[in-house]
Each structure stands twice: as C-alpha cells, then as structure tokens.
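Right, one structure below, let's go through it.
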Amino acid sequence: MNKKTIKDIDLKNKKVLVRCDFNVPMDEEKNITDNTRIVAALPTIKYLLENNCAIILCSHLGRPKGEFKPEFSLKPVAKEISRLLNKEVIMAEDVVGEDAKSKAENLQLGQIMLLENVRFHKEETENEQEFSKQLASMAEIYVNDAFGAAHRAHSSTTGVAEYLPALSGFLIEKELQFLGNAISNPERPFVAILGGAKVSDKIGVIDSLLDKVDTLIIGGGMAYTFFKAQGYNVGNSICEIDKLDLAKEAMKKAEQKGVKLLLPVDTRIGKEFKPDTESKTVSWTEIPDEWEGFDIGEKTIEIFSNELKNAKTVIWNGPLGLFEFEQFAKGTNAIAKVLSEIDATTIIGGGDSAAAVKKAGLENKMTHISTGGGASLEFLEGKKLPGIECLLNK
C-alpha cells in the first residue's frame, strides 16, 4: 500500500470530492435491500466530518447507459446515508449541471451533499476529459473509496485525479491491505477456493494463484469443465467446451508447481433448473445424460472442509453451487461455516461469495469481505487497477 490515504495529508476545512460505491440493490418500492456498501463508506465520511470538510459524494447505480432514468436515481441512497449518520445529506438534482454546481459552491464546512448518478452521463464511462474537469472543479481534493469500481477507468474513478490531489479512503486502504498481504505475504498453508459458473471468468486468477497457493480448491459450475477435460460425461451441466484445454493446462501447471488441486469427488445433480426439482448425489464420474450438476456432494464437503481446517490464509471467490436454491446451497453454506470457525485469515472476494456468506449469516465471522467482485478478481490476477494507480504515491 504505497498510495497516500486521507491520513497522509492535511484535509482540515477542505472541500472534498469522494467517489463511493453506492451501487446497492433495491426493491420495487426503491427500498435499499442491502446497505453493506453504504456502511462500508462511513468510516471515510466520518473522518472527513471530523476534519470539518465540506463533502461531495458521488457514485454510480446500475447501468442507466448514459441517460437520466428515475429508477436509477441515488435519492434513496441520500436518505439512507442521512439515516445512518443522523445528519442531513443535500441531494443534487444532477451531476455537473446548474443544480450540482450551485449546491457545491454554497456547501458549508461540515455539510454533505450527494451528486446524482454519474452514469446518467455517457461521458463518465468514456472518461471524457471535459466531464472529468467539471466534476473536479467542484472540490479541492479527490478521494477514491470505491473499490468495487477501481478496475474501471472512468471520469469519477480516474479522470478527476488529473485535476485534483488524489487519495485513497479507508475502504480502499483496507481492501489493498488484506488482498495485498494475502497475495504477497500469506501465512501458510495458503488455500484459495474458486467457484462460480465459468472457467473463462477465472482463468487469469487460476494461473496467478497457482504461483502462490499451497492448495487450490475448485467447485461451482466451473468444476464441470474440469470433469469434461478429463473425458467424463457432465450431462446438462454448465460446461465451456472451448475451455477444456485451459482446464487441462491448469491441472498440469498445478502438478508441476506441487500445488494440491482439489476438485469435487461427488456432485448433487437435478433434473431441471428449478428450486424443487428432483435431485440426487452421484460420483463426479457418473453424471447421467439429461441431469445437471448444481452443488458439491457430501464427500466433497468433507474433503474440502478437512483441507481448510489446516489453512492459515484462505481466499474464496465464487459460490460452490446454485446457492440461490435452498436444496443446492448445502455445499456453499458448509464451506462458509468451516471458514467461520477456523483460526485463519479468511478473505471473501465480493460478488456472489459475499452474498452467500451473508445469506448464511456468517459475514461477521470472516476476516474481510471485499466490496468488489470484479475488482478483487483483477487484483488477485495481478492486474493494475486504474482507480488505484491514479492515486498519489506516498
């Protein structure tokens, strides 16, 4: 972490633009159903308030594709921040328009305002210079605390850093500390668990982790591509036929590097893709035609659990089954429970794995849950994240 954070500079009485990740889920009535990302931004906001800053928050929400769509308004987020801090949050009607600019100009020290969804402008995702300049013109200092968007080079994540001193907030600092330590200096044995649907999403990560871990556990939909690569039938299970060679290469590399590569030995299969489908457990080599693999089986849970009990550092990215359906959530929940009980640094890499851990009610038992699925994957892959690269070095 060689980037300057908000503690490395005197921020007292400054006007600060903070990029947060308020891309939160909402129901039909626009009630926020999970405020984790908002809560994660609070330490940075509170620190700025303690330093008597005037705070301008900005974020994206959903994919409005460059035009104003009321269903993607950040107004419910302003209400939620206001509730959590017990303090008024001024809502701008636009991003760089008349309303935002005049409210920013009149913003007093100790006040907070939230700009409307930055993705209402196509210039945001194009990282257009003039748009970045206008955003930056409202403040004196820029703080990036949106780890979930740090792998995107957009105006509000990198563009503004060309016009303002750019620092990291506490959330990004924490993400880099945990993910960075796990990658560069893990306490061993170091185990990585990769799940999720596709091998293609994780090829770079598999490759990068095989240079670092002692054990690599593979589950979820991507396991069936590995089964197929060994010549076995996978029935109707999700399988990337064009990625069989990559799966073979990964197995070969693991062997060469002396990394233990664990694949499921049994699998819970279903007749159809629906919650109450007929299901049974079979050996991984005996998946019948017309059936589909949806979870890891009992024996696999036992093997994976025993491996994890000796681990000192664990990174987990991607669920091990179709955890959204109760009868296929068993594998994911069992592994989450093991991680909640072991004496190790446990890091959950955002996205679906974070959702699964929360659904199991175990989020407080993990060392760190990343707020960025895509960003944490790219970081683990060893890619440089533009939203971090643009920050000032210490």
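Residue-wise test of (1) of a type in the set (D, E); (2) more than 19 Å from the chain's Cα centre (by Cα).
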position: D34; (1), (2): yes, no
position: V39; (1), (2): no, no
position: P43; (1), (2): no, no
position: L49; (1), (2): no, yes
position: C53; (1), (2): no, yes
position: L57; (1), (2): no, yes
position: H60; (1), (2): no, no
position: P64; (1), (2): no, yes
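Among the conditions (1) outside any loop (DSSP other than H, G, I, E, B); (2) surrounded by 15 or more Cβ atoms within 10 Å (Cβ to Cβ); (3) out of contact with any Phe, Trp or Tyr (no Cβ under 7 Å at 6 or more places or on another chain); (4) not β-branched (V, I, T), the only one that K7 does not satisfy is (2). Hey, could you check the stretch 328-369 for residues that are in contact with a strand residue (DSSP E or B) (Cβ under 6 Å, 6 or more places away or on another chain) and of a type in the set (S, T, N, Q) and say which is surrounded by the fewest Cβ atoms within 10 Å (Cβ to Cβ)? Only one residue fits best here, namely T367.
Got a sec? Which of G195, G221 is crowded, with 23+ Cβ neighbours inside 10 Å, in contact with a helix residue (DSSP H, G or I) (Cβ under 9 Å, 6 or more places away or on another chain) and outside the structural domain of V16 (by TED's automatic domain parsing)?
Working: G221 fails: in contact with a helix residue (DSSP H, G or I) (Cβ under 9 Å, 6 or more places away or on another chain).
So the residue among G195, G221 that is crowded, with 23+ Cβ neighbours inside 10 Å, in contact with a helix residue (DSSP H, G or I) (Cβ under 9 Å, 6 or more places away or on another chain) and outside the structural domain of V16 (by TED's automatic domain parsing) is G195.
Here the stretch 131-152 is the region considered, the condition is being assigned to a loop (DSSP other than H, G, I, E, B) and out of contact with any Asp or Glu (no Cβ under 9 Å at 6 or more places or on another chain), and the residue that is surrounded by the most Cβ atoms within 10 Å (Cβ to Cβ) is A139.
Among the residues of the stretch 202-217, the one identified as under 19 Å from the mean Cα position of the chain (by Cα) and not in a helix (DSSP H, G or I) is K202. Output the residue which, of all residues in the stretch 235-249 that are surrounded by fewer than 23 Cβ atoms within 10 Å (Cβ to Cβ) and among the aliphatic types (A, V, I, L, M), is farthest from L179 (Cα to Cα). Of everything passing the filter in the stretch 235-249, I241 is farthest from L179 (Cα to Cα).
When every residue of the stretch 273-283 is checked against the conditions, none turns out to be among the aliphatic types (A, V, I, L, M), buried (at least 22 other Cβ atoms within 10 Å of the Cβ) and closer than 19 Å to G231 by Cα.
Within 27 Å of S208 (Cα to Cα) and at pLDDT below 95: does that describe G361?
On the way: within 27 Å of S208 (Cα to Cα): no; at pLDDT below 95: yes.
No.
Filter the stretch 37-63 down to the residues that are surrounded by fewer than 20 Cβ atoms within 10 Å (Cβ to Cβ) and touching a residue at least 60 places away in the same chain (Cβ under 8 Å) and list them by number. Those that are surrounded by fewer than 20 Cβ atoms within 10 Å (Cβ to Cβ) and touching a residue at least 60 places away in the same chain (Cβ under 8 Å): P43, Y47, L49.
Here's the yes/no breakdown for (1) under 20 Å from the mean Cα position of the chain (by Cα); (2) in a loop (DSSP other than H, G, I, E, B); (3) of a type in the set (A, V, I, L, M):
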residue	(1), (2), (3)
V160	no, no, yes
L167	no, no, yes
G180	yes, no, no
S200	yes, yes, no
N236	no, yes, no
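Conditions (1) among the polar types (S, T, N, Q); (2) at negative phi, marked per residue:
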| site | (1), (2) |
| --- | --- |
| T300 | yes, yes |
| L308 | no, yes |
| W316 | no, yes |
| Q327 | yes, yes |
| A344 | no, yes |
| G350 | no, no |
| A354 | no, yes |
| K359 | no, yes |
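The values are calculated or read from the model by the stated rules, or taken from the named source; none is laboratory data. Small disclaimer: the values here were computed from a predicted structure and weren't measured. Note that we place each Cβ from the backbone using ideal geometry, even for glycine, and neighbour counts take in every protein chain shown.
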